[in-house]
Amino acid sequence: MVRYQSKDGKGILLVGDSRAMPVLPDRSVAVILTSPPYWVRGKGRDSALRYAKQIATEHSREWLRVLAPRGEVWIIMGDRHDGREWIGMDAILADSLHKAGWLLQTKAFWTEEPSTLRWDDRINYLLRFTKAGVRCKLPKATLCWHLPIPWSPPGSLWDAMPPGIVRRLLNLSPSGIVLDPFFGSGAVGAVAARMGRPWIGVERDRSQARVAARRLRLRRIQGMALEGAKLPLQFQDPK
Ligand SMILES: C[S@@+](CC[C@H](N)C(=O)[O-])C[C@H]1O[C@@H](n2cnc3c(N)ncnc32)[C@H](O)[C@@H]1O
């Protein structure tokens, strides 16, 4: 497996498919903050339902394994008008994840202006989930932003997430390792690193991984996947 590492050893980028992350121990991650590839292919509710089911079944089962019992998942997810109607992706995704063992705990919004996408792709949900049976602290304020799309590094294929929002969400989440299983050009890793938090990214597209590695000044490493990393792989539950 190709991997990259930050100079201080607190950040690791694994190049591969995050549907299986065997190098990550069970219950080692404090927060998963990620934006999965958006629902852009297909039209209509059946297609949207298939998309959400795929995230819940193919991806979130591995998240359940690596996430600490009181860990949290933030998903940043666009919505879309498919030419006939708004799809309501937040409810569709929450329903699929509920069936897979997750509870939706917080719902927040980011609307972007201008957008490289169609006007109706500019609404982003920020959804916080915990494992079923877990309660998390609710934010005191309503989390809602209207912001321009931030800078993306050259070669990035995606609109970036505003760093201020990533920082705010990480501040609300338990301390410990931050995982982004759809790392792209590394917006989450960049903010986590600035906050001094240990982070792990997984990206299956080699060219996007190279963009992220350049942006975060990571070194390509030979050897076993997490060898030499300074990551707190034993998660301490907050008292
Ligand atoms: C919406 S983009 C993420 C953008 C990211 N937040 C950024 O800062 O650039 C989704 C990313 O997930 C990656 N991806 C899709 N399926 C994956 C998988 N199974 N494992 C790992 N990465 C995957 C895509 O290659 C893409 O770069």
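Here, each number is a calculation from the coordinates, and none is a lab measurement. It should be emphasised that the depicted structure is a prediction, and the values quoted were computed from it without experimental measurement. Don't worry about glycine lacking a Cβ; one is built from the backbone with ideal geometry, like all the others, and counts go over all protein chains shown.
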Go through Arg168, Arg204 for me and flag whichever is out of contact with any helix residue (DSSP H, G or I) (no Cβ under 9 Å at 6 or more places or on another chain) and closer than 19 Å to Val40 by Cβ. Arg204
Can you give me the number of residues within region 63-105 that are touching a Cys at 6+ places or on another chain (Cβ under 8 Å) and either free of Cβ contacts under 8 Å to residues at least 60 places away in the same chain or not acidic (Asp, Glu) (or both)? 2
Test result for Gly11, away from the ligand (no atom under 13 Å from the Cβ), of a type outside the set (Phe, Trp, Tyr), within 21 Å of Ala187 (Cα to Cα) and in contact (Cβ under 8 Å) with a residue 24 or more places away in the chain: yes
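Conditions tested, residue by residue: (1) more than 15 Å from the ligand (Cβ to nearest atom); (2) surrounded by fewer than 16 Cβ atoms within 10 Å (Cβ to Cβ).
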position: Tyr4; (1), (2): no, no
position: Gly16; (1), (2): no, no
position: Pro22; (1), (2): no, yes
position: Arg27; (1), (2): yes, no
position: Ser47; (1), (2): yes, yes
position: Tyr51; (1), (2): no, no
position: Gln54; (1), (2): no, yes
position: Pro69; (1), (2): yes, yes
position: Asp79; (1), (2): no, no
Considering only residues that are surrounded by 22 or more Cβ atoms within 10 Å (Cβ to Cβ) and of a type in the set (A, V, I, L, M, F, W, C), which ones fall in region 29-45? Val29, Ala30, Val31, Ile32, Leu33, Trp39
Given the criterion in a loop (DSSP other than H, G, I, E, B), touching a Pro at 6+ places or on another chain (Cβ under 6 Å) and closer than 21 Å to Arg27 by Cα, identify the matching residue among Leu231, Leu226. Leu231
Would you be able to tell me the number of residues in region 134-189 that are more than 8 Å from the ligand (Cβ to nearest atom) and not in a loop (DSSP other than H, G, I, E, B)? 18
